[in-house]
Amino acid sequence: MNSSRIESLKGDITKLHVDAIVNAANTSLLGGGGVDGAIHRAGGQAILEECIRIRNRQGGCAVGEAVITTAGNMPARFVIHTVGPVWSKSNTGADALLSNAYRNSLQLATENKVKTIAFPNISTGIYSFPKDKAAEIAIRTVKDFLLSDKKIEKVIFVCFDEENYGIYQKLLSEDAYLSSVK
Ligand code: ADP
């Protein structure tokens, strides 16, 4: 699996030495719980200040879209803030919006010359998206993006809980997901 451009690990995304970490933000961009809270705490005031500037300019961040800021005091260079969908039983458009969140984050990454990027398991915390379904969407979207992009060298799925880690390990060990992006 080391030769692949996609990998997963279990841990705290705020500690990673990558070009960009992705934040599962909310549309206000003003911070929140879960990974959003952890990123703002670890990165410090500079992130919130930039988020407020973006908010003043464009009124926050829509679901499925992404914006970029400094990573402040964290080892990464950038935070890409994206907003995943809140899960609902009727699921109108939620799958597509989750896919958009991953794709638009990767697009913004390439525009900023990011070569290594780490994602949390977007929408699987407070937003209650089913973890297995979210992982399938995340991996499929990243794989599709990498097929036509040659600049990003590494995408890391950072799992905070054991259940997500198990799901990613299983899906990523299945050849079909990776054979075409090695
Ligand atoms: P959402 O509102 O998109 O569901 P959450 O932050 O509630 O966002 O959860 C998204 C995922 O981030 C969850 O799987 C949660 O366990 C995980 N998470 C929480 N803290 C961290 C962290 N420090 N590093 C990586 N992942 C984290």
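Here are some notes:
- Search result, residues across the stretch 86-113 that are touching a helix residue (DSSP H, G or I) at 6+ places or on another chain (Cβ under 8 Å) and either in a loop (DSSP other than H, G, I, E, B) or among the small types (Gly, Ala, Ser) (or both): VAL86, TRP87, SER88, SER99
- Top-ranked residue in the stretch 40-59 [being buried (at least 19 other Cβ atoms within 10 Å of the Cβ) and out of contact with any strand residue (DSSP E or B) (no Cβ under 8 Å at 6 or more places or on another chain); ranked as farthest from ASN100 (Cα to Cα)]: ALA42
- If you go through the stretch 60-90 and keep only what is surrounded by 13 or more Cβ atoms within 10 Å (Cβ to Cβ) and among the polar types (S, T, N, Q), you end up with THR69, THR70, ASN73, THR82.
- Near pairs, Cβ below 6 angstrom, 6+ apart or cross-chain, from the stretch 111-125 (on the phi < 0 side of the Ramachandran plot) to any residue that is aromatic (Phe, Trp, Tyr): PHE119/PHE157
- Considering residues of the stretch 22-35 that are surrounded by fewer than 21 Cβ atoms within 10 Å (Cβ to Cβ) and within 17 Å of MET74 (Cβ to Cβ) only, the residue nearest to the ligand (Cβ to nearest atom): GLY34
- Test: residue in the stretch 155-162 that is assigned to a helix (DSSP H, G or I), more than 13 Å from the ligand (Cβ to nearest atom) and at negative phi: no
- Qualifying residue in the stretch 125-148 (condition: touching a strand residue (DSSP E or B) at 6+ places or on another chain (Cβ under 9 Å), farther than 20 Å from VAL63 by Cα and more than 11 Å from the ligand (Cβ to nearest atom)): yes
The numbers here are math on the coordinates, done by the rules we state, and not lab data. Being a predicted model, the structure only gives us computed values, none of them experimental. Cβ sites come from the backbone with ideal geometry, for glycine too, and all protein chains shown count toward neighbours.
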